[in-house]
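Asks: Sharing a structure below in structure tokens format, with a few things to ask.
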Amino acid sequence: MARRTALRKPTNVSARTDLVAEAKSLGINLSEVFETALEASVQEARRQQWAQENREAFADYDRFVEVNGVFSKGKRLF
């Protein structure tokens, strides 16, 4: 999902002063760390939203399998 060539928007964030100072002294790119963490958070939020939006379909399928078994029933070799 990394889009390194995408347009950037200057953003203000707050962080502990000591942590920012140490990160800078270690040569850590704060913008890159923030963007990577934000991408992961957005991806997880989308995953949770998708699961929530589809929970009824999951429940319907679970009920179907409970009554009828899986589609490959009788065809599996294991």
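Here, each number is a calculation from the coordinates, and none is a lab measurement. Only a predicted model underlies this, so the values are computations on that prediction, with no experimental measurement involved. Cβ placement follows ideal geometry from the backbone for every residue including glycine, while neighbour counts extend to all protein chains displayed.
Asks: Given R₀ = 35 Å, what would the calculated FRET efficiency be for Gln48 paired with Ala21, taking r from the Cβ atoms and rounding to 0.05?
Replies: Numbers: r = 34 Å, r/R0 = 0.98.
Calculated transfer efficiency: 0.55.
Asks: Any idea which of Ser41, Leu30, Ala57 is furthest toward the positive side of the dipole for the chain, if Lys and Arg beta-carbons carry +1 and Asp and Glu beta-carbons -1?
Replies: Ala57
Asks: Could you work out the mean projected area of the convex hull around the alpha carbons of the chain, in square nanometres to one decimal? Show your work: numbers first, answer last.
Replies: Details: hull surface 42.3 nm².
Its average projected convex-hull area is 10.6 nm².
Asks: Note the angle between two axes, namely the Cα long axis of helix 30-53 and the longest principal axis of the Cα atoms of the chain, as a number of degrees from 0 to 90, rounded to the nearest 10.
Replies: Its long axis makes an angle of about 20 degrees.
Asks: Can you tell me the dipole magnitude for the chain around its Cα centre, using point charges on the Cβ only (Lys, Arg +1; Asp, Glu -1), in Debye to the nearest 20? Walk me through the intermediate numbers first.
Replies: Working: 13 positive and 11 negative charges, 67 e Å.
Result for the chain is approximately 320 debye, rounded to the nearest 20.
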